[in-house]
1. Among the candidates K260, K311, K277, which residue alone is in a helix (DSSP H, G or I), among the charged types (D, E, K, R) and out of contact with any Lys or Arg (no Cβ under 9 Å at 6 or more places or on another chain)?
2. Picking from T184, T159, which residue would you name as being assigned by TED's automatic domain parsing to the domain that holds G89, crowded, with 18+ Cβ neighbours inside 10 Å and not in a helix (DSSP H, G or I)?
3. From the list A314, A304, which one is of a type in the set (G, A, S) and crowded, with 17+ Cβ neighbours inside 10 Å?
4. Among the candidates V327, V357, which residue alone is farther than 29 Å from S28 by Cβ and surrounded by 14 or more Cβ atoms within 10 Å (Cβ to Cβ)?
5. In the range 208-222, which residues are part of a strand (DSSP E or B) and buried (at least 17 other Cβ atoms within 10 Å of the Cβ)?
6. Can you say whether G192 is within 28 Å of T420 (Cβ to Cβ), in contact with a strand residue (DSSP E or B) (Cβ under 6 Å, 6 or more places away or on another chain) and not aliphatic (A, V, I, L, M), as far as the supplied structure shows?
7. Looking at A179, A164, which one is surrounded by fewer than 17 Cβ atoms within 10 Å (Cβ to Cβ), closer than 30 Å to P49 by Cα and of a type in the set (A, V, I, L, M)?
8. Looking at the range 335-348 only, could you name the residues that are surrounded by fewer than 18 Cβ atoms within 10 Å (Cβ to Cβ) and more than 18 Å from V373 (Cβ to Cβ)?
Amino acid sequence: MKILWFAAASLILATSGWAQSSGGASLSAEVNSVYPQVQKLYIDLHENPELSLHEVNTASKLAARVRELGYEVTEHVGGTGVVGVLRNGPGPTVMLRTELDALPVEEKTGLSYTSTVRTKDDAGHDVPVMHACGHDIHMAAWAGTATIMAHTKSEWHGTLVLIAQPAEELGLGAKYMIADGLFTRFPKPDVGVALHTTNGLPAGKVGFTAEYAASNSDTVNITIYGKGGHGASPESTVDPIVIAARVILTLQTVVSREIKPGDPAVITVGYIQGGTKNNIIPDEVHLGLTVRSYTPEVRKHLLAAIERVAKAEAQAADAPKAPRVQVAESTDALYNDPKLAERLSQALIQALGAGRVEKAPPIMASEDYSYFVEAGVPSFYFWLGVADPEKFREAKSSGTHLPSNHSPFFAPDMEPSLKTAIESEVVVLRNLMASGNNAGAGLH
């Protein structure tokens, strides 16, 4: 496999003076040359994570690195966001995005560079902080890719726009950057590129998904109203807890009985809150739902069905008033242009080898990168395997699951993950920005 990998990688030659100083080597050699500084940055970012909308030091570190490389850097875009622009003659404008934020999770990986950071969240609570979703991998690879692109300008032409986005975990950062003029103050991309870590693939591999890659996400809050009273005299009350139970059970039939089999859909009731004492029937109960889908039609049906079921169950119980059903937050599905996915997956196969590139199924998690797509930037969002290959094989053999993103035990296999991320990003950017190439060719 290594022989095939290096043979494929050698097809992409670095011809700049910087590459020639490394012996005119292949892409793998280019990556090896930047790896020591990338590894150091990764460990620093992992040890010093920051929560969403508070990524001040993280953003400053990335801004300083790309500024030193000659990028035109603007900080504080949409909060802590960073934009770096490198102009290299006529050609397409291509965006490469990374995220900045970490999660309020206590790390339990046992790594020598485990995060021990604790901070106050926006509610004033003392919380641990960890890069439990791989954004530290994303950032370090982004910096490595930025370095290679800056030092091999003879290999590509056009304008490269680097985006370091805050608050992805809140689903807000992309929206904030767009509102702050991301696509008016800076060159608007013809194509966007981003990757995300997954333990669903071993380190050294990447996955691609055509069309829908991540789901719509809607946060729905329901308040059910009743008539409170003594738990020993239910006949004098309208019990909202019973109504809520009926709503929860009926909602479970919406996906199984109202959505066409094969159309992905999820309705999950994540919490139920009501009452203060076991002999008191409360006046109201609160339900919190997450709703997932891909297509606008299924999404519309799910949201309408939730409201219909809640109101019908309340009316059946003779509740004093109809429930309040509120869609509190929404993120649209992330869509990969199929022709772009085909073109770039083939470029990855040619460069990395067929054994290192897989077609991956879409996921029911959501991603606010979708706001960039909605703003008119056709994109290629792909997956980076980060699982230790041996642990991955053992898990597959035993039918168990490795720690997922957001787990306190999430621990990417550092070196092959970082190197594959940089290789993949450079391959994709050079394909899109090759001399005489058109980044948007063949797109819908």
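The values are calculated or read from the model by the stated rules, or taken from the named source; none is laboratory data. Given the structure is predicted, the values throughout are model-derived calculations rather than measurements. Ideal geometry is used to build each Cβ from the backbone, glycine not excepted, and the neighbour counts take in all protein chains shown.
1. Sole residue among the options that is in a helix (DSSP H, G or I), among the charged types (D, E, K, R) and out of contact with any Lys or Arg (no Cβ under 9 Å at 6 or more places or on another chain): K311.
2. After ruling out the rest, the residue left standing is T159.
3. When all the criteria are applied, what remains is A314.
4. Only one candidate passes the filter, namely V327.
5. Hits for the range 208-222 are F208, Y212, A213, A214, N216, S217, D218, V220, I222.
6. So G192 passes the test.
7. A179
8. Q346 - this is the single residue of the range 335-348 that is surrounded by fewer than 18 Cβ atoms within 10 Å (Cβ to Cβ) and more than 18 Å from V373 (Cβ to Cβ).
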